[in-house]
Every structure is written in structure tokens, then in C-alpha cells.
Amino acid sequence: MTFRCCASLVAASLLLAGLAACSGSAQWRTTDITGVMPDLAFTLTSETGATVHADDFRGKVKVLFFGYTHCPDICPITLGHLAAALRTMGADAKQVRVLFVSVDPKRDTPALLEKYTDAFGPQFVGLTGTQEQLRELTKRYRVAYSYGPPDENGNYLVNHGSAIFVFDRQGHVRLLMNRSDPTKAIAHDLELLVNE
Amino acid sequence: MPVFRHLLFKSLLLAGVALMFVPAVAATDTVPFSVSHAWIRWLPGNLPLAGYATLENDTSEARILVAASSPAFKRIEFHRSMEMHGMKGMDHMMGGMSHMKHLKSVTVPAHGTFRFGPGAYHLMMWRSGDIEVGDHVPVTFRFSNGMTMTVEFAVRGPAG
Amino acid sequence: MNFGPYFLLPYEFTPTVLVLCVLAIAVYLRGWLRRRRAGIKTGGWRVTAFLLGVVLMYVVLQTHYDYMGQHMFFLHRLQHLILHHMAPFLIMIAMPGAVLVAGVPERLRVRFLRPLAHSPAVRIPYRAIQQPIVAGVLFVGLIYLWLWPGIHFYAMLNVPLYNVMNWSMAVDGLLFWYLMLCSTRPAAGGLHYGWRILVLGATIVPQIVIGAYLALTRVEVYHVYAVCGRLWPISPITDQHIGGLITWIPAAMMTVIGMLVVLGRWIREEGIGPDRARAAGPNVGKEDSNACV
């Protein structure tokens, strides 16, 4: 019973917050999800093969996106879109890290991820991990991923959510973006977070 | 007013004759089949690349593209990203219930256009050698009627 | 998707669900055994319906089915169909009141549950939400509330809100079907069968409207499944159409079946004749009113 009461209170306040966001008082141009999801937390493998934690990116505005490198179309479009937004931000872009988390650790080695993310810019960081680590992180942000059957050449597809989650300098969840948001809107919102 | 009427008749006749020739003139002016906006998105390492192009068919028959090849690529397939508003994966729904990895062919309708474009249909290309941003790579398209055409694809950076 | 034993483990473990389901089954089985020893028979189909209802609720809430429901709209609709329609319907059509009462230890029942059920803190809000019109509005209103695109979006992203959504559907389902199928007979002062049929009938149209809209629209209403990723690549419109059909047809069917069940009871009890029904009434009624404390 206490659980239900607490949950109802949280729900009610969330709904109110949601309605406030919809009423247009917010300054954001992408979707505000402050408080809707837990703070950023993970243990993954970096581009150098070392273990990294979310805390290692404390002080930066973090953009979290799931994908895999053997995806020549949508993933580079999304990363290119973010790169275009960052280019318009000038010095503020230095305070942003795009965390590209590969959910295909079988093919995406740290070395390949390094080459891949460097092609988009210095703010792009490739991360991956064990299936268990990836499941934990994707569950935390309610993102699904799955693998298609391999074809005769061993190539297979990876299905995954398209969400771009944005966390502030302290690691609190703030915004939900997607590929169809204009670069201007993305840059505007990231600048606001950098200068908070 | 017979003079006026005569003039009117003559000019109408002239206009009619001229109109009869217009389509023929127009048809000879345009290329019946063309490929434009051909480019490849470069990615590092040996990752497969996506190629894009716009195919315009101004003939009265649909053209079916059945294969693409290039000395720079081991294999080129026709793929479609499932756009599902971000959920990605290729289109498994093509041709009813079949689970296709890639499309066997694409059809450019008569007097129509087919576009390989970002986020939708694309050429999935496995490279056989080094390719740099700024290169121009020839790709040969083969159609079901035996027609082939070679197009230069410009290699652009990962962000397009 | 792994369909091994792993599938049966909870995706998001909620002890409350586990405790309530185990408790319901334990109390029911204890009551059933005690009654059997006392020579009172409980129809086999009743036992089956009750147990099936509880197990269904547990499965959609506490296995990896929950994960699937979070990542496919039509599976989410199926989850709500079970929570709000099927499982409570099965539980209440089993008329479990007398068996459950027999299963609760006597002392606990007399000292604690009965005073609680009769206390104004429980009686007043309970009576208020079990007014036939309120119950009907609540039943349909919750379907619309959680399917409201803005609210649905947050409910799928936020864990506490998600839990409130599923709990509210389950609790309302139980209350509604209790009122329709399991509450005190009209002859003993309960809600008239005509009222029950009227309420059930009135809920059909709005359920069809929302189900048919989702089954037929070409507009993608729920973007959250694309954001979070679907279980396998089907188009959002196909997902939404199947979800709409589930909200439309089986849900409306359940309601029609409910109406037929109530109609059947009405005819049967009228057939007994008012005098005999009244004579039999108070006893049955008393037992029933104590039943679902």
C-alpha cells in the first residue's frame, strides 16, 4: 500500500511536470525528460580497451546513442547530424561528449570503434561492453536491441532503439532527441546545457 | 471580316501543326535514362559503405535494376533501411512474408524516378581495396533488359 | 528472445506482485481444501478459472513478457487486455468469495479483516467507486488515460509511472468485474442485473472507438516504441494496427460475454421466482458481501 501511494505521488507530479512541459513554458526545442529516467551510470569498455564509468565523463554534457559500426546508413546519418550540430556550437562543443555505445561487441572492437568515432570528430567516444553490461545499460534506459540472422557472408543486422539521450554535466537525464530534430534545435539545447 | 477569319484559321492551323511536333522535340531533348547525385559515404576501416544515387527513367517502359558492380567493391547489394522512425534494420517485409536480407532488384517506373537516399534505399558496398574521401569510383548498373550503364560515384566524408 | 527458464524470471522484480499472487493462491487452496473436508463442493471449472486468472496476471507482470510488452505496442495491449479484462474476468467468474473466506484463518478474519472491511475508511471510498456509473467511467477512462499519447510516452519511459499504470489496470479490472460478476445478488440488495448489463453495454462503444481508431489510422500515434526499439522489425503502423485490433475485438468480446453471463443469471434467478430467490438471498448475500474483503 505504501508503495502504491508513493508511486501515485510520483506519477501525479510527473504528469504535472509533463503537462508543464507541453504548455510551452520550457525553453527546450527537443523533448524534455528531466527526472523521467535515472541518472547516467554504466561500466563499459573504452576505445583503448580500458574500463570506463559514467563518472569519467563528469563535468561534460553527455549525448548517449546506441548503434553498431556495420550499419552504413542510419548510424552515420545520426552521428553526422550530431557532428553538424556540434560544428555550429564553437567552443561550447568542447564541453560535449557523444557516447556511441555499440551493442555489437562481437564485431566492434575498441580499435575499430576508435577509428569509427574519430571520423566524426574529437567529441565522439566509442564504447562497448559485455552482453551483461550492455543489457544493464539498455534496460536502464528502456532500450531494446537484437540481432538478425547472419546471411551467407556472415553479415547480420542489429536492431536497436533510435533514442538519443542527453545528460547534463552532473549526469542527470535531461533531453530525448532524435534524428529528425533539426541540427539548430539540437545545438540550441546542447548550448543551454553546457552553459547551465 | 473574312480576312481576319482567314488569319485566325491559319494561325490555329499553324499552332496545331507546331503542337504536333512539340512532344517529339521534347523527347529528343532529354536523356531517356539517367543517374545523378551518385555518392558514397566513406567510413573508416573495412566497414561496408552506403551508396546513394537518383535514377530517372524517361522511357515508356519500367527499368529493373538487377545488379551493380565496381572494381573497387567485392560485392554490392541493394538494401533498404526500415525507417520505422528510427528503428533500424533492413526491410524484411518486401515481397510479402519473405525475410530478405537485401532486395534482388529495384524497379525504376516508366517516366519515373527511383532514389537511393539516406535513411531509405541504399547500395550496400563491401570494398575490395582502399578508398579515400574525394575519390571518384565507377559503378556499373545492369538492368533486366540487358542495358548497362557506368556511373561515377563521388566519395564523401562520413557526415555526408 | 530467449524462451528458456530465463524467460520465466521477472524482468523487473516486484515483491508485492509475487506476495499477492502467492497469497491469493495459498488462501484459495486452503479454503478449497477446508470446504471439501466439510463436504462443500467447488466446481472444477471454478478452481481452474481462478487459478488461471491469478497465474495470467503473474505471467504478464513478473516474467520477461513484461520486457516484450515494453518494446512492442501490440504486446503491451495484450498485457493490458489480460490485466484489465481476461484475468479479473476469470477470477471473478469463479465466484471465489466463499472459498477465499474459508481459506483465511478464522481469527484473522474476525479480528482484522471484518472490522477493516466495515470501517468507514474502506467502506466509503469503496462504495463511491463501485457506483455503477463511476465504475463504468473508471473502466473506460483508464483505457483512454493510459493510451493518451503524451501520458503513454512518459508511462513507457518512467518506471514508477509504468508500475502505476499496470497496477491501476489490474486493480480496476478486479473491482469492475467483481461488481459485474461476483458482487451481492440483486435479490440480497446488490446491484440490479439490468444495471450491470447497462454498464457493460455502455463500455463497449468507447472501447470499440479507441480500438478501431488505432486499428485503422495511418498515423503513427506512439513514437516511444521506435525510440526504445521494437522487439523485431515490423513497421510501427502494423504494430499499432494489431494493438488496435486487440483493444477493439477481444476486449469488446469479453464485455459481451460478461453481458451474456449476467443475462443468464438474471433469467435463471427470475425463473426461480421472486419469493424463493428472496428466501435464498440473504444467506448467499451475506456470504458474498463478506467474501472479497
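The values are calculated or read from the model by the stated rules, or taken from the named source; none is laboratory data. Given the structure is predicted, the values throughout are model-derived calculations rather than measurements. Using ideal geometry, Cβ is built from the backbone for each residue, glycine included, and neighbour counts are taken over all protein chains shown.
Looking for whichever is part of a helix (DSSP H, G or I), more than 17 Å from the chain's Cα centre (by Cα), among the aromatic types (Phe, Trp, Tyr) and over 30 Å from C:VAL140 (Cα atoms) here; the options are C:PHE74, C:PHE7. Which one fits?
C:PHE7
List the number of the failed condition for C:VAL140; all other conditions in (1) in contact with a helix residue (DSSP H, G or I) (Cβ under 6 Å, 6 or more places away or on another chain); (2) closer than 20 Å to C:CYS228 by Cβ hold.
Against the list (1) in contact with a helix residue (DSSP H, G or I) (Cβ under 6 Å, 6 or more places away or on another chain); (2) closer than 20 Å to C:CYS228 by Cβ, C:VAL140 comes up short only on (2).
Quick check on this structure: which one of A:PRO122, A:PRO105 is in a loop (DSSP other than H, G, I, E, B) and more than 14 Å from chain B (Cβ to nearest Cβ)?
Being in a loop (DSSP other than H, G, I, E, B) and more than 14 Å from chain B (Cβ to nearest Cβ) holds for just one of A:PRO122, A:PRO105, which is A:PRO105.
From the set of residues in the range B:60-76 that are within 14 Å of another protein chain (Cβ to nearest Cβ) and surrounded by fewer than 21 Cβ atoms within 10 Å (Cβ to Cβ), which is nearest to B:HIS111 (Cα to Cα)?
By that ranking, first place goes to B:ARG75.
On the given criteria, is C:THR184 more than 14 Å from chain A (Cβ to nearest Cβ), closer than 20 Å to C:LEU147 by Cα and among the polar types (S, T, N, Q)?
So C:THR184 does not fit the description; no.
Would you confirm whether any residue within the range A:145-167 is away from chain B (no Cβ under 14 Å) and either modelled with pLDDT of 95 or more or surrounded by fewer than 21 Cβ atoms within 10 Å (Cβ to Cβ) (or both)?
Checking the range A:145-167: at least one residue is away from chain B (no Cβ under 14 Å) and either modelled with pLDDT of 95 or more or surrounded by fewer than 21 Cβ atoms within 10 Å (Cβ to Cβ) (or both).
In the range A:79-87, is there at least one residue being in contact with a Phe, Trp or Tyr (Cβ under 9 Å, 6 or more places away or on another chain), surrounded by 18 or more Cβ atoms within 10 Å (Cβ to Cβ), away from chain B (no Cβ under 11 Å) and within 26 Å of A:GLY59 (Cβ to Cβ)?
no
Within the range A:73-104, which residues are without any contact (Cβ under 8 Å) to a residue 60 or more places away in the chain and under 21 Å from A:VAL143 (Cα atoms)?
The answer is A:ASP73, A:CYS75, A:PRO76, A:LEU79, A:ARG97, A:VAL98, A:LEU99, A:PHE100, A:VAL101, A:SER102, A:VAL103, A:ASP104.
Criterion first (among the small types (Gly, Ala, Ser), out of contact with any Gly (no Cβ under 6 Å at 6 or more places or on another chain) and under 19 Å from A:LEU176 (Cα atoms)) does A:ALA84 satisfy it?
In short, yes.
Take the range B:114-126 and flag every residue that is part of a strand (DSSP E or B) and within 11 Å of chain A (Cβ to nearest Cβ).
B:PHE116, B:TYR121, B:HIS122, B:LEU123, B:MET124, B:MET125, B:TRP126
Take the range C:46-63 and flag every residue that is modelled with pLDDT of 95 or more, more than 13 Å from the chain's Cα centre (by Cα) and among the hydroxyl-bearing types (Ser, Thr, Tyr).
C:THR48
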